[in-house]
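Down below is the structure, laid out as structure tokens.
Bear in mind these aren't lab numbers, they're just calculated from the coordinates by the rules spelled out. Only a predicted model underlies this, so the values are computations on that prediction, with no experimental measurement involved. FYI the Cβ positions are ideal-geometry reconstructions off the backbone, even for glycines, and counts take in every protein chain you see.
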Amino acid sequence: MAIDLRSDTVSHPSPAMRRAMASAVVGDDGFGDDPTVQRLEVMAAQRLGKEAGLFVSSGTMGNLIALLTHTERGDEVIAGEQCHIVLAEVAGSAALGRVQLRTVPNGPRGALDSGRVRALIRPENVHFPRTALICLENTHNRCNGAALSRDEMAPVAAVAREAGIPLHIDGARIFNAAVAQGVHPADLVAEADTVQFCLSKGLACPIGSMIVGSGDFIRRARRYRQMVGGTMRQSGVLAAAGIIALEEMVGRLAEDHANARRLAHGLASIPGLACDAGVVETNILYYSVSGMPAPAFTAAMEARGVLVGGNRMVTHYGISESDIDEALSAARAVMSAGVPA
């Protein structure tokens, strides 16, 4: 089997998850009577320090539902120009919510400058859209998987609070951030009104994400989940894996972070490859190739049994320290051989 470092979305459910899924007690979540989904939603809300939770199929759906619930048609949302909501969610907020995104440059770690955010908040004027929401991302995918601290997010949270604007965190990998910072996840997102986080990716569930927030917000969000076709039926089969993820898979994220650092340091030592190992905090690293086109490098790595992204590698459940060493051996061989004739 190939060593797959393309993304943590390729992780497989643990044996405990598979057992829990096989024996899950289920109902019809469309009628609100799936007990396993209900347990997961309560657990997720408690872990993040919020009143209620909502189980959805993906992080993209979770962010979309959150934006739809926070906004009205013609509103504006402030977000980082490198964030997932802006770059990788098919403009769902515009296509389905008729909401405009207004972007702020991300800092090197993905943080937003609070002064720039404040300057973009619209004053009351009949000609202007209403600034309805501010979004942060943590960890920040495009910024080397940086784990933003509460102190780094606090200035933007303060601006949102002063303006009476809700704050949403795209926390697809918020548990990676909490583990990297050595803090409880609820403390990390205490100033956010709503959070989306993935049960897949590092937590290794096959499907699923959560939205957490106030009880009233989640009641309204359920209607939007139905609108976008996200209400599932006997989804306790999936929620059972989510419960195992929260109970058993959070602490082990530190292994992924250690493996990513090992991989980054190894790549940085290979002539022709560049990787800033010093910025790797969680399970994501970015690299570049010189001396051959990036597609040639990825193809040559695949021929040696290692799957990598064109400029990114991600560690996850199922990738061991020995896998990292094998991937580095493959990279050395590829760079030593050079561009194939």
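Any chance you could give the angle, 0 to 90 degrees and rounded to 10, that helix 215-227 forms with the longest Cα principal axis of the chain?
Once rounded, one gets 70 degrees.
Is the stretch 1-76 best put as rounded, prolate or oblate by its Cα gyration tensor, with a ≥ b ≥ c the root eigenvalues, rounded for a/c under 1.5, and otherwise prolate when a/b is larger than b/c, oblate when not?
Oblate, since a/c reaches 1.5 and b/c is not below a/b.
Would you work out if the stretch 193-234 is rounded, prolate or oblate? Take a ≥ b ≥ c from the square roots of the eigenvalues of the alpha-carbon gyration tensor; rounded if a/c is under 1.5, else prolate when a/b is larger than b/c, oblate otherwise.
The shape class here is oblate.
How long is the gain from ARG122 to ARG161 if the chain were fully straight, where each residue apart is worth 0.36 nm and the alpha carbon distance is subtracted?
12.6 nm
Hey, any idea what the orientation-averaged projected area of the convex hull of the stretch 252-335's Cα atoms comes to, in nm²?
Over all viewing directions, the stretch 252-335 projects a mean Cα-hull area of 4.6 nm².
Let me check I've understood the local charge: for VAL37, count other residues with C-beta under 15 angstrom from its C-beta, Lys and Arg +1, Asp and Glu -1. What total comes out?
Its environment carries a net charge of -1.
Which order, highest average first, do 183-194, 12-23, 132-143 follow once you tally other Cβ atoms within 10 Å for each residue and take the mean per peptide?
Ranked by mean Cβ neighbours within 10 Å, highest first: 132-143, 183-194, 12-23.
In what sequence, highest mean first, do 106-117, 73-84 appear when ranked by Cβ atoms within 10 angstrom?
Ranking the peptides 106-117, 73-84 by packing returns 73-84, 106-117.
Determine the sum of side-chain charges near ARG19: Lys and Arg each +1, Asp and Glu each -1, restricted to other residues whose C-beta is under 15 angstrom from that of ARG19.
Values: positive: ARG18; negative: GLU247, GLU248.
Residues close to ARG19 contribute a combined charge of -1.
So who's got an amide H within less than 5 Å of the one on ASN106, skipping anything under 5 residues away but keeping other chains? H placed 1.01 Å off N, in plane.
Result for ASN106 returns GLU81, GLN82.
Could you give me the ³J(HN,Hα) list for the stretch 248-265, computed from phi with Karplus coefficients 6.51, -1.76, 1.60 and θ = phi - 60°, whole Hz, x at Gly and Pro?
10, 9, 6, x, 6, 4, 4, 4, 4, 5, 5, 5, 5, 5, 4, 5, 5, 4
I'd like the orientation of helix 321-337 relative to the chain: the angle between its Cα long axis and the longest Cα principal axis, in ° from 0 to 90, rounded to 10.
60 degrees
To the nearest 20 debye, what charge dipole does the chain have about its Cα centre, counting +1 at the Cβ of each Lys and Arg and -1 at the Cβ of each Asp and Glu?
It works out to roughly 460 debye.
In nm, give the distance between the simple-model label positions of ARG233 and ALA154, each being 7 Å from the Cα along the Cα-to-Cβ direction.
Distance between label points: 5.0 nm.
Cα-Cα pairs above 17 Å in the stretch 133-241: how many percent?
58 percent
Could you give the dipole magnitude of the stretch 1-131 about its Cα centre, charging the beta-carbon of Lys and Arg +1 and that of Asp and Glu -1, in debye to the nearest 20?
The dipole magnitude comes to about 400 debye.
Determine the dipole magnitude for the stretch 50-109: charges of +1 sit on the beta-carbon of Lys and Arg, -1 on that of Asp and Glu, nothing else is charged, the reference point is the Cα centre, and the result goes in debye to the nearest 20. Provide the component values of the computation, followed by the final result.
Numbers: 5 positive and 6 negative charges, 14 e Å.
Approximately 60 debye in magnitude.
Taking only C-alpha pairs under 8 Å that are 6+ residues apart, what is the relative contact order of the stretch 252-335 in percent?
After rounding, I find 34 percent.
Provide, in order from the shortest bin, the percent of all Cα-Cα pairs of the chain in each 10 Å bin, continuing until the bin that contains the maximum pair distance.
P(r) for the chain, in whole percents per bin: 6, 25, 31, 24, 12, 3, 0.
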